[in-house]
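Participant: Before I ask anything, here is the structure I am working with.
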Amino acid sequence: MFYPHVLCTVFASLIFSLFQSPFWILSIPSEEMARGLMKRTVCAKSVFELWGHGRSAGELYASLKNYPMDKMLPYLHSDSTYKVHIHTFNKTLTQAQKIKKIDALEFLPFKGKVNLKNPEHIFWILEDYGMDPNNVPEDPFHLYFGRWIADGQRELIESYSVKKRHFIGNTSMDACLSFIMANHGRVKPNDVVYDPFVGTGGLLISSAHFGAYVCGTDIDYNTIHGLGKASRKNQKWRGPDENIRANLRQYGLEKYYLDALVSDSSRPIWRKGMLFDAVITDPPYGIREATRRTGSQKETVKSAERSTENHIFVSSSYHLSDIFFDLLKFAAEYLVMGGRLVYWLPIYRPEYTEEIIPRHPCLKLISNCEQMLSSHTSRRLITMEKVKEFKDQDQNSHLLDGQYMPYRGHNSFREKYFSGVTKRIAKEEKDNQK
């Protein structure tokens, strides 16, 4: 059966940008495809087959009367059971008001029996009262009626919450964003997913949930081995079993864990060839975590560090522009054809243009979504797909690109970020003095 219109209740506004309504009308080829989407998404709450909609009750009823009867009847026959729910966004109705709205649908040819506990079919009246809780209208802006098809995976946000996770760090990725990144990477069972800035392994967990085998590297010896100071309040040192493997074990996903290695992402340790189905990562921006790579005594030394295991290395500065070029080059070389690179790119918003998005001839830009961090900074979720096999001439292709210089602006992101913070603090202090 073809479904020309379905209604989807979404919560993407919590992640990327502010939309005018939580309800979207979509065109999806089949109910099977709609169910498949809802098995993956954490942004959508539910999806419905849309039978009617309008800007008033009258328009809704007229729309329902025009809906093809042959599409209604399979769900309304005398042998079926059903119930009707009502949901209002940004307004609470009394039970009496809800019953009155449901009774107004008596013109629909329901022949089955009402079953409130275990119905075969569930129908919903959905009313949109806008996004402003301080200015709720008397009547809804939009009304919808439809047959429920499936719910999304919003419960994953709570069950995989970082607050409940065994091993976390200062930059552990939010569970919702982790699942969004896995979906952008089209992670599927038996894929091999790699994170070159693995940290505490938050991005590995979401990929493993979808059945992928996961691995990662990080330059921080203490983080990889679960050593040093804890990130949780009222806990000074990490426990003996705080590590990435323990995190996957916590969720019953340990069988998908390949390994995590201490390694410098600027110097790949892998054999040549296409090894990974997806590279999903959140590189350091120099805000909470330093941007660094291994150096040598001949280079300008940034610092010398010693871990609790007497592990010593010398690190040098690692500019953001170099981090992203190395990341794109790595993905171009080690991704399978059609494999995806998903990563976050920090942006100083007053200077943002699409020209500063790093490019590579082997990778095609698929999507570019913004998450606001402050009035002057944000980060873009960049998704790229490998469309061309990597050749030797692609090794340093960006150095020949005339657009290379604009990318250097990423190197000053840390200074621009803190300049905005300083200005905001000064403004707050000035306002407090008034």
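The values are calculated or read from the model by the stated rules, or taken from the named source; none is laboratory data. Quick caveat: nothing in here was measured; it's all calculated off a predicted structure. Positions of Cβ are backbone-derived with ideal geometry, glycine not excepted, and every protein chain shown enters the neighbour counts. SASA here: full protein model, heavy atoms, side chains in, ligands and nucleic acids out. Shrake-Rupley method; radii C 1.70, N 1.55, O 1.52, S 1.80 Å.
Participant: Examine the stretch 72-84 for a residue that is under 18 Å from P119 (Cα atoms), open to solvent by less than 40 Å² (accessible area, probe 1.4 Å) and among the polar types (S, T, N, Q), and state whether such a residue exists.
Facilitator: yes
Participant: Now, a different point. Given the condition among the polar types (S, T, N, Q), on the phi > 0 side of the Ramachandran plot, in contact with an Asp or Glu (Cβ under 9 Å, 6 or more places away or on another chain) and open to solvent by 40 Å² or more (accessible area, probe 1.4 Å), answer yes or no: does some residue in the stretch 228-242 qualify?
Facilitator: no
Participant: Another question, then. Among the residues of the stretch 162-179, are any part of a strand (DSSP E or B), under 19 Å from the mean Cα position of the chain (by Cα) and of a type outside the set (K, R)?
Facilitator: So far as the stretch 162-179 goes, no, none of its residues is part of a strand (DSSP E or B), under 19 Å from the mean Cα position of the chain (by Cα) and of a type outside the set (K, R).
Participant: Do we find that L126 is assigned to a strand (DSSP E or B), more than 30 Å from Y251 (Cα to Cα), within 27 Å of the chain's Cα centre (by Cα) and hydrophobic (A, V, I, L, M, F, W, C) in this structure?
Facilitator: yes
Participant: Examine the stretch 36-47 for a residue that is in a loop (DSSP other than H, G, I, E, B) and free of Cβ contacts under 8 Å to residues at least 40 places away in the same chain, and state whether such a residue exists.
Facilitator: Checked against the condition, which is being in a loop (DSSP other than H, G, I, E, B) and free of Cβ contacts under 8 Å to residues at least 40 places away in the same chain, the stretch 36-47 yields no hits at all.
Participant: Something else now. Just the residues that are in contact (Cβ under 8 Å) with a residue 24 or more places away in the chain and closer than 15 Å to Y61 by Cβ, please, taken from the stretch 88-109.
Facilitator: Across the stretch 88-109, the qualifying residues are K101, A104, L105, F107, L108, P109.
Participant: Also, quick follow-up: Give the stretch 93-123 a look and list any residue that's assigned to a loop (DSSP other than H, G, I, E, B) and farther than 24 Å from Y67 by Cβ, or say none.
Facilitator: Scanning the stretch 93-123 gives L93, T94, L116, K117, N118.
Participant: Going by the conditions given, is I382 surrounded by 15 or more Cβ atoms within 10 Å (Cβ to Cβ), modelled with pLDDT of 85 or more, touching a Phe, Trp or Tyr at 6+ places or on another chain (Cβ under 7 Å) and under 18 Å from Y285 (Cα atoms)?
Facilitator: So I382 fits the description; yes.
Participant: When you go through S265, S231 one by one, which is the residue that is farther than 24 Å from L328 by Cβ, in contact (Cβ under 8 Å) with a residue 40 or more places away in the chain and either in contact with a Cys (Cβ under 7 Å, 6 or more places away or on another chain) or not in a strand (DSSP E or B) (or both)?
Facilitator: The match here is S231.
Participant: Here's a follow-up. Does any residue of the stretch 64-73 turn out to be touching a Pro at 6+ places or on another chain (Cβ under 8 Å) and either part of a loop (DSSP other than H, G, I, E, B) or farther than 17 Å from L7 by Cβ (or both)?
Facilitator: For the stretch 64-73, residues touching a Pro at 6+ places or on another chain (Cβ under 8 Å) and either part of a loop (DSSP other than H, G, I, E, B) or farther than 17 Å from L7 by Cβ (or both): present.
Participant: Then there is this: Filter the stretch 249-267 down to the residues that are at pLDDT below 90 and over 21 Å from G185 (Cα atoms) and list them by number.
Facilitator: Residues satisfying the conditions are D264, S266, R267.
Participant: Go through the stretch 322-364 and count every residue that is open to solvent by less than 50 Å² (accessible area, probe 1.4 Å) and under 26 Å from P268 (Cβ atoms).
Facilitator: Residues in the stretch 322-364 being open to solvent by less than 50 Å² (accessible area, probe 1.4 Å) and under 26 Å from P268 (Cβ atoms): 30 in total.
Participant: Just to be sure before I move on: is V214 open to solvent by 30 Å² or more (accessible area, probe 1.4 Å), touching a Phe, Trp or Tyr at 6+ places or on another chain (Cβ under 9 Å) and among the hydrophobic types (A, V, I, L, M, F, W, C) in the structure I sent?
Facilitator: Judged against the criteria, V214 is not a match.
Participant: Mind counting the residues in the stretch 85-105 that are under 22 Å from C8 (Cβ atoms) and loosely packed, with under 11 Cβ neighbours inside 10 Å?
Facilitator: 0
Participant: Could you go through the stretch 161-175 and let me know if any residue there is modelled with pLDDT of 95 or more and open to solvent by less than 10 Å² (accessible area, probe 1.4 Å).
Facilitator: Within the stretch 161-175, one or more residues are modelled with pLDDT of 95 or more and open to solvent by less than 10 Å² (accessible area, probe 1.4 Å).
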